[in-house]
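Visitor: Let me begin by handing over the structure; questions about it come next.
Bear in mind these aren't lab numbers, they're just calculated from the coordinates by the rules spelled out. These figures come from a predicted structure and were not determined experimentally. FYI the Cβ positions are ideal-geometry reconstructions off the backbone, even for glycines, and counts take in every protein chain you see.
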Amino acid sequence: FFNQVKLPEYWEIIGDSKEAGIYDLGKKRANISYVEPKYRRLVKEVAWLDDKQNVRLVEHYNKYGWCYAKTSYNLRAEPITTAYFTASGKEVIVENHVTKDITLTYQGKIYNFPSKTDFVIHYLKLRNFE
């Protein structure tokens, strides 16, 4: 639910059945969007804003209420990286939207793939789908 989003101390969430915002002493710091149906107030994304109200980071939530990914944005609102996490918050995949490479942390090793295709091929081989 929207009231379970982690906030810095003394910040507050103000919202209704359509959307919500995170505020610090009256200054908007983030937008909270809900999944459908919105009246249930289940969080889909939290878009964190810089001082000029540009979206700089979006946290993506799944149906279980945990943050499974975070996407960072530049000042032109273009995605730079997306990091994917386990339920315990461990980062496992980082996708660089600029260079198109993907970094995977798996079983204590770090793998780098120059493309999404190479990443998928690695996964298919790992699962014996050759």
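Visitor: In the range 3-37, what trypsin sites (Lys or Arg not before Pro) fall in a loop by DSSP, with at most 13 other Cβ atoms inside 10 Å?
Guide: Values: sites: Lys6, Lys18, Lys27, Lys28, Arg29; in loops: Lys6, Lys18.
Here the trypsin sites (Lys or Arg not before Pro) that fit, given the DSSP loop and packing criteria, are Lys6, Lys18.
Visitor: Given the chain, what whole percent of its Cα pairs are spread farther than 21 Å?
Guide: Values: 4208 of 8385 pairs.
Tail fraction, whole percent: 50.
Visitor: Which links in Lys70/Lys116; Lys6/Lys109; Lys27/Lys100; Lys6/Lys28; Lys44/Lys125 stretch past 26 Å when you go from one Cα to the other? Could you put the intermediate results ahead of the total?
Guide: Values: Lys70/Lys116 18 Å; Lys6/Lys109 30 Å; Lys27/Lys100 35 Å; Lys6/Lys28 15 Å; Lys44/Lys125 33 Å.
Lys6/Lys109; Lys27/Lys100; Lys44/Lys125, as the Cα separations exceed 26 Å there.
Visitor: Counting Lys and Arg as +1 and Asp and Glu as -1, each charge on the Cβ, what is the dipole of the range 2-79 about the Cα centre in debye, to the nearest 20? Can you show the working numbers first?
Guide: Working: 14 positive and 11 negative charges, 37 e Å.
Dipole size: approximately 180 debye.
Visitor: Per the helix-only calculation at 222 nm, which mean residue ellipticity applies to the chain, given -39500 (n - 2.57) for every DSSP H run of n ≥ 4 and division by its residues, nearest 500 deg cm²/dmol? Write out the running numbers ahead of the final one.
Guide: Numbers: 1 runs with 11 residues, N = 130.
Result for the chain, helices only: -2500 deg cm²/dmol.
Visitor: For the range 1-107, which GluC sites (Glu not before Pro) pass both filters: DSSP loop (anything but H, G, I, E, B) and at most 14 other C-beta atoms within 10 Å? Don't skip to the answer; put the middle values down first.
Guide: Values: sites: Glu9, Glu12, Glu19, Glu45, Glu59, Glu91, Glu95; in loops: Glu9, Glu19.
Of the GluC sites (Glu not before Pro), the ones in loops of the range 1-107 whose Cβ has at most 14 other Cβ atoms within 10 Å are Glu9, Glu19.
Visitor: Could you tell me the distance between the Cα centroids of the range 99-130 and the range 18-84, to the nearest Å?
Guide: 28
Visitor: Once you charge only the Cβ atoms, +1 for Lys and Arg and -1 for Asp and Glu, what is the size of the charge dipole of the chain about its Cα centre, to the nearest 20 debye?
Guide: On the way: 20 positive and 16 negative charges, 46 e Å.
Dipole size: approximately 220 debye.
Visitor: Moving on. Compare the Cα positions of Gln53, Ala69, His97 along the charge dipole of the chain (+1 at Cβ of Lys, Arg; -1 at Cβ of Asp, Glu; about the Cα centre) and return the one farthest towards the positive end.
Guide: Ala69
Visitor: Additional query: Hey, got a sec? Which chymotrypsin sites (Phe, Trp or Tyr not before Pro) in the range 16-77 land in a DSSP loop and have at most 11 other Cβ atoms within 10 Å? If you can, show how the numbers build up before the last one.
Guide: Values: sites: Tyr23, Tyr34, Tyr39, Trp48, Tyr61, Tyr64, Trp66, Tyr68, Tyr73; in loops: Tyr64, Trp66.
Passing sites in the range 16-77 are Tyr64.
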